[in-house]
Structure formats: C-alpha cells, structure tokens
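In what follows, a single structure is set out as structure tokens and then discussed.
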Amino acid sequence: MSKINLVKYQSVIISISLILTIYLLGIEYIKPTNTDWLINGDLSTYQLGWKFFRFDEWRFPILSNPNYGIYLGGNLIYSDSIPLFAIIFKLFKFFLPENFQYFSIWIILCIYLQILFSLLILYKFSDDVLFSFIGSFFFIFATIFIHRSALHLSLFGQWIILFYFYSEFFNESKKFFWKKIIFLLSITIHFYFTIMITIIFVIEKFVKIIEKQN
C-alpha cells in the first residue's frame, strides 16, 4: 500500500476547514478578538471560565479556577472551557488582547483534524486519495459533529476518537506511546472523551482475548 503525501493536500484540507468554519460562525466571528457570539447560553460559560482562569494566578492543581462560580475550589473543567487551550494561551496572556477568545481557533482545528484523521483511516483501507477525501466529508458533515459546534464546543473535538482508531495502524511500540498521549489529551479536552476511549480500549482488549481463545 502506498503512503499518502499529506504535504501535497494540506492547502486543500486547510481551505475546507476555513470555509466550513465561516459557514458555521460567519466570517466576522472567526477573529479571536470577536467575543460577540459568546454572550448567550452555554457559550457564555465557556468564555467566562476562560477569562477567570486567564487573569488569575497560576495555582495547583493547575486547572484550579476558584474565582469562577459560587463555590470555592472551582475547576476549569466545570465551565467546559477546553483546558488544553486555556493552559496554552494562559502562558501568553500578557501578549493577548483583553477580549481574546480561542474558541474560533478551536473550531477550525477540530474541523481540520476531523478531515485529516478520517482521510488517513479511509486511505488505509482504500489506497485511493479521491475516495478518502470524499469519505472524509461524511465525518465533517455528520449531524453529531456539526451540532456540537453551536452548543458544546469542547465536544466538537471528536477527532480524538478518530486519532485513537488511527493509532491502531502504528507498530506496537508507537501504538502504546500514542494511545497514552491520546488518553492524556482527552482529559484536557473533555472527560466524556476519556470515558469513550476507555470503553473502546476495554472492548478492544476483550475482543483480542476472545480471538486468542478461538
């Protein structure tokens, strides 16, 4: 089986990611300095959680966010503010504008990675780039994926599940390493993904035991 040249198709994947993000948000809301779309419902809690975390001092545990909410000992995970991005951008908080938000960046990245991993998985089975590209559209236009973009932004990171499945194609040493990375990443995105990956892992091991017995 030939190996796909991803560099060759990066511009296409990035372009599709930007176009779909513009369709979902509107071109004016892609800007990291535009927070007008984060003022209602659940979306406002994501931005508020990030702002309290950003302007607070570093604490231990690292996701402690006691100034957010009505109880002391709050944690960033309770506001679904995508802890992975919150930690990364807090490192550069002094260089960021006051009204900065990273959720539009997150949406673009999720669409990009959703295309990338679905493309890679399909190519492993088909060895056909065009078929794999067309097939990846089913992953980015899936209702369960698109619907999260307006409600639960952290759960938009469904590429983490695809990444886990793609890691099955690695050799044994790399597979073990990357599955640990994926598990840790899932914790910093949303714990639901951690539960899903754990369930998939348990089922996977159970199936292998049954296969060995047979």
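Observations, loosely collected:
- 16 Å reach of a label modelled at TYR23, 7 Å along Cα-to-Cβ, counting backbone N of the stretch 134-157: 134-150
- Extension gain for THR33 to ILE187 (0.36 nm times residue separation, less C-alpha to C-alpha distance): 52.7 nm.
- Principal axis analysis of the Cα atoms in the stretch 29-116 yields extents of 39, 26, 25 Å, listed in decreasing size.
- Residue-wise HN-Hα couplings along the stretch 163-179, as the Karplus relation 6.51 cos²θ - 1.76 cosθ + 1.60 with θ = phi - 60° gives them from phi, are 4, 4, 5, 5, 5, 5, 8, 6, 5, 4, 5, 5, 4, 5, 5, 5, 5 Hz; Gly and Pro carry x.
- Segments 28-34, 147-153 sorted - mean Cβ within 10 Å per residue, highest first: 147-153, 28-34
- Expressed as a whole percent, the accessible surface of the stretch 137-214 that belongs to carbon and sulfur atoms is 76, based on a 1.4 Å probe.
- FRET efficiency for the pair GLN213 and ASN171, taken as 1/(1 + (r/R0)^6) with r the Cβ-Cβ distance and R0 = 25 Å, rounds to 0.50.
- Site pair LYS180 and GLU57 shows an inter-label distance of 3.4 nm when each label is modelled 7 Å from Cα along Cα→Cβ.
- The gain in end-to-end length when the SER44 to GLN10 segment is fully stretched comes to 9.0 nm, 0.36 nm per residue minus the alpha carbon separation.
- LEU91-VAL202 pseudo-label distance in nm [points 7 Å out on the Cα-to-Cβ vector]: 3.4
- Semi-axis lengths, Å, the stretch 156-207, gyration tensor of Cα atoms, sqrt of 5 times eigenvalues: 17, 13, 9
- Restricting the calculation to Cα atoms, the stretch 108-214 yields a radius of gyration followed by a Dmax of 14.7, 46 Å.
- Spatially, the stretch 1-62 and the stretch 164-188 are offset by 23 Å when compared through their Cα centroids.
- If you take the alpha carbon atoms of the stretch 33-191 and fit the smallest convex hull around them, that volume is 130 Å³ per residue.
The values are calculated or read from the model by the stated rules, or taken from the named source; none is laboratory data. Bear in mind that the values here come from a model prediction, so they are computed numbers and not experimental data. Because the Cβ atoms are built from the backbone with ideal geometry, glycine has one as well, and the counts that use them run over all protein chains shown. Side chains are part of the model used for accessible areas, which takes the heavy atoms of the whole protein and leaves out ligands, DNA and RNA. Shrake-Rupley method; radii C 1.70, N 1.55, O 1.52, S 1.80 Å.
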